[in-house]
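Encoded as structure tokens, the structure appears first; notes follow it.
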Amino acid sequence: MKTKLLILAIATFITANTIFAQSVEKEITSIRNKVTAINKAAKGYTKKTKDVDDISLEGAEATFFSSRLSLKKVTAKMYGETYQATGEFYFENSKLIFAFIKHSQYDTQIGLEKPVKVVKIEERRFYFNNDGLIRLLVGKKELKSEDERYEELSQSAVSIGEKLIEAFRN
């Protein structure tokens, strides 16, 4: 009897995990379709470029793409003392649904005597659903919520998204 219950519990667990994984994959596909649609319609959006404070230490410049009062996409150049990053942020109903950030790390701080050299380039992809991160890719590797960098990178992307929405509204 215990063996049958154990087998039933394992089968239920596997089925639940499979259904959840399929649900996430459907949501990822939906997000990708929305991003494609936003990019196709971008030529018809109102476009405005301005500096945005508090995103990075050395400044950020963002280009906002909107349809009427609805923010659709933001491209941003962000500068720090030891890095430069570019990002694309996509929104639906004022909520971040996808972010792509290309982060270039320097070997030293800018402004020192020797010229800086890029020592590492990292591409990060963030997929959001209902204000929560459902997938984070760094390069081709998926980071899981247990990974030590997961929370830091997730909160950084969310914070940048919130600051971009605020800058768009002001």
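Numbers at a glance
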| quantity | calculated |
| --- | --- |
| Exclusive hit being closer than 20 Å to residue 33 by Cβ and of a type in the set (A, V, I, L, M), set 71, 143 | 71 |
| The range 147-162: number of residues that are more than 18 Å from residue 80 (Cβ to Cβ) and more than 9 Å from the chain's Cα centre (by Cα) | 5 |
| Subset of the range 42-92 [without any contact (Cβ under 8 Å) to a residue 40 or more places away in the chain, surrounded by 16 or more Cβ atoms within 10 Å (Cβ to Cβ) and over 29 Å from residue 106 (Cα atoms)] | 45, 65, 72 |
| Criterion violated by residue 114 - all others in (1) outside any strand (DSSP E or B); (2) surrounded by 11 or more Cβ atoms within 10 Å (Cβ to Cβ); (3) not polar (S, T, N, Q) satisfied | (2) |
| For residue 122: the one exception among (1) in contact with a Lys or Arg (Cβ under 9 Å, 6 or more places away or on another chain); (2) open to solvent by 30 Å² or more (accessible area, probe 1.4 Å) | (2) |
| Pairs where the first residue, in the range 139-162, is open to solvent by 30 Å² or more (accessible area, probe 1.4 Å) and the second is part of a helix (DSSP H, G or I), C-beta under 8 Å, 6+ apart | 144/150; 145/151 |
| Subset of the range 93-110 (residues that are free of Cβ contacts under 8 Å to residues at least 24 places away in the same chain and surrounded by fewer than 17 Cβ atoms within 10 Å (Cβ to Cβ)) | 93, 102, 104, 105, 107 |
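The values are calculated or read from the model by the stated rules, or taken from the named source; none is laboratory data. All of these numbers come straight from a predicted model, not from anything done at the bench. Here the Cβ is made from the backbone with ideal geometry for all residues, glycine too, and neighbour counts use every protein chain on show. Remember, those area values only see protein heavy atoms, side chains included, never the ligands or the DNA or RNA. Shrake-Rupley method; radii C 1.70, N 1.55, O 1.52, S 1.80 Å.
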